[in-house]
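Undergrad: One structure, pasted below without further comment.
What follows is calculated from the coordinates using simple rules that are stated; it is not laboratory data. All of these numbers come straight from a predicted model, not from anything done at the bench. All Cβ positions, glycine included, derive from the backbone under ideal geometry; neighbour counts span all protein chains shown.
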Amino acid sequence: MQKSQLDSYHSLNNNVYFNLYINKIAIIKLILTSQNKESQLKRILLLLSLVLSNNALAEESIPLKHATTHGIKKCLPAVKSIAEFLAKGNHGANSLWNKNTPDESAFTSVIEQSFKDSPILSTMTVTRTKSDDCYSEYEKIFYFEENCMATAQTTFKGAEYEGMVNKYITFLNHEGIDTYLMPAGPGCVVIRREAYMNL
C-alpha cells in the first residue's frame, strides 16, 4: 500500500459526492426549464436514480449496523465516529458484543477495507466505563512494499522516533498517532493506533 494511493482513494471518494451534487443541480435546472411533460417525467426519474445512488454511497458502515441492531446505545456515537473513519467504501466486518448486556459492555469489530493493490485491516473497540464514559481505541494495519527504514523516511517523514518496542519493531509518533513499523520480508507492516478516554 502506497501513501499516495491512500490519499487518492480519499480524494476519489470526495469527488464522487461532489460530482453527484453537481449533476443533481444541473438536472433540477433542466426540469424547471422544460415545458414538455414527458421530458419533465424522464428527468424527474433520472434525478430520483441519482438521489438513490447517493444514498447507497452514504450507507451506514457494517460495524455501525451491528452496534445499532444489537443494543449499543450509550456509546453508539463513539462507535459511529470510529466506524465512519475506518470503514469507508468497499469493506466487510466481524463484530463481537455481549448478548446479555450489550449497552454495558465492550463492542469490538475487525474491519477489512478492500483496495486493488492490498487490503487494510483495522480493529476498533468501544466500551462503557464505570464512570459512564466511553473508552474507544482503534488500530489500522497495512503493508508497504518498501522496507521499514524507507517507509519511515518517506511516508512518515517528520515523525518523532520514540524507540524500539523490543528488538525489531520501531515506535514513531506521527502527527500525534502512535505508529509502529514491523519488518515483514522485504516490506514493512505499519500499525497505527489511537485511544480516546471519552469520545
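Undergrad: Spelling out what I want: for every residue of the stretch 108-121, take phi, set θ = phi - 60°, compute 6.51 cos²θ - 1.76 cosθ + 1.60 (Karplus), and round to whole Hz; glycine and proline get x.
TA: 9, 8, 10, 10, 10, 9, 9, 10, 4, 8, 5, x, 10, 9
Undergrad: On to the next question. For labels at E145 and K65 in the simple 7 Å Cα→Cβ model, what's the distance in nm?
TA: That separation, rounded to one decimal, is 3.4 nm.
Undergrad: Give me the extension gain from E194 to I169: residue separation times 0.36 nm, minus the current Cα-Cα distance, reported in nm with one decimal.
TA: Full-extension gain reported as 7.3 nm.
Undergrad: Next question, about the same structure. Expected output is a single nm value to one decimal: the length gained when fully extending between F115 and M182, i.e. 0.36 nm times separation in residues minus the C-alpha distance. What is it?
TA: My answer for the length gained is 22.0 nm.
Undergrad: How would you order 95-101, 70-76 from highest to lowest mean count of nearby Cβ atoms within 10 Å?
TA: Top of the packing list down: 70-76, 95-101.
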